[in-house]
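A short write-up of the structure that comes next.
Values quoted throughout were computed directly from the atomic coordinates according to the rules given, and no laboratory measurement underlies them. Being a predicted model, the structure only gives us computed values, none of them experimental. Heads up, the Cβs are rebuilt from the backbone with ideal geometry, glycines too, and the neighbour counts pull from every protein chain shown.
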Amino acid sequence: MNARVKVFSLLEAQGVPASEADDLVAALEAGAVAGAQCEVVELDGMAPASRGSVFADGWEGGAVAAVSVVLVGIADRDWARRGGRLAGAAELAVHIADGRQRERADLVRLEAFVRETVLPRTHPYTMARRRVLEALGEAGGLCTARTVELSSGDVILCMREAGHYDPDDLPGFRRGKSDGTPGGWHLANASIWDDSAAYSHPCTAV
């Protein structure tokens, strides 16, 4: 049906009348079935010899003939019902457009909820906040360095801005202070780290 909608759209763009478009699509569909019927007819006389003569008689007089007749009927029916294909395709296109419009409206409401309700409840410099920013498509300006949070074993990503890293700007705990300031190092959740640890990956965004 999606292919039919596209074909009708292309024909309409070329100025093909609706009735002619219906005939063309119906002819293609009926022709496809007729082509399949020709392949079935070619199976006549090709029954597996190992199955015996009784099986061969049933193959040629029953299965092949019956399938061939059914396919011819389908081709004839598709051609006879050619009127209204364009209208049906147009109705489907409207239905699809309505569905997409509802989806877009739902996404707008969801984004507003996340931005107005969820984001303010996340703490700065936490992975929870990063996940929310990623969902909003706004995490591109953050540092990409990551490490393992020793307390939980979880992989965490730095929550500071890209390009912040300066290994020589030591954090507070390296200067004998317990104020939790990260200096130029990475920060996420309660972890502060530099790129020297074996389990850490340096930032790539600058």
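Quick one: length gained pulling Glu111 to Ser178 fully straight, 0.36 nm per residue minus the C-alpha distance? Could you put the intermediate results ahead of the total?
Values: separation 67, 0.36 × 67 = 24.12 nm, distance 3.82 nm.
In short, 20.3 nm is gained.
Could you grab the relative contact order for the range 128-167? Cα pairs under 8 Å, six or more apart, rounded to a whole percent. Don't skip to the answer; put the middle values down first.
Values: 36 pairs, mean separation 13.7, N = 40.
Once normalised by length, the contact order is 34 percent.
Of the listed peptides 148-156, 181-189, 163-171, what is their order by residue-averaged count of other C-beta atoms within 10 Å, with the highest listed first? Mind dumping the intermediate values first?
Details: 148-156: 12.7, 181-189: 20.6, 163-171: 14.2.
In descending order of packing, they fall as 181-189, 163-171, 148-156.
Stretched out fully, how many nm does the piece from Ala197 to Ser152 gain, at 0.36 nm a residue minus the Cα gap? Show your work: numbers first, answer last.
On the way: separation 45, 0.36 × 45 = 16.20 nm, distance 1.69 nm.
So the chain would gain 14.5 nm between Ala197 and Ser152.
Determine the distance separating the Cα centre of the range 161-188 from the Cα centre of the range 129-146; give it in Å without decimals.
20 Å
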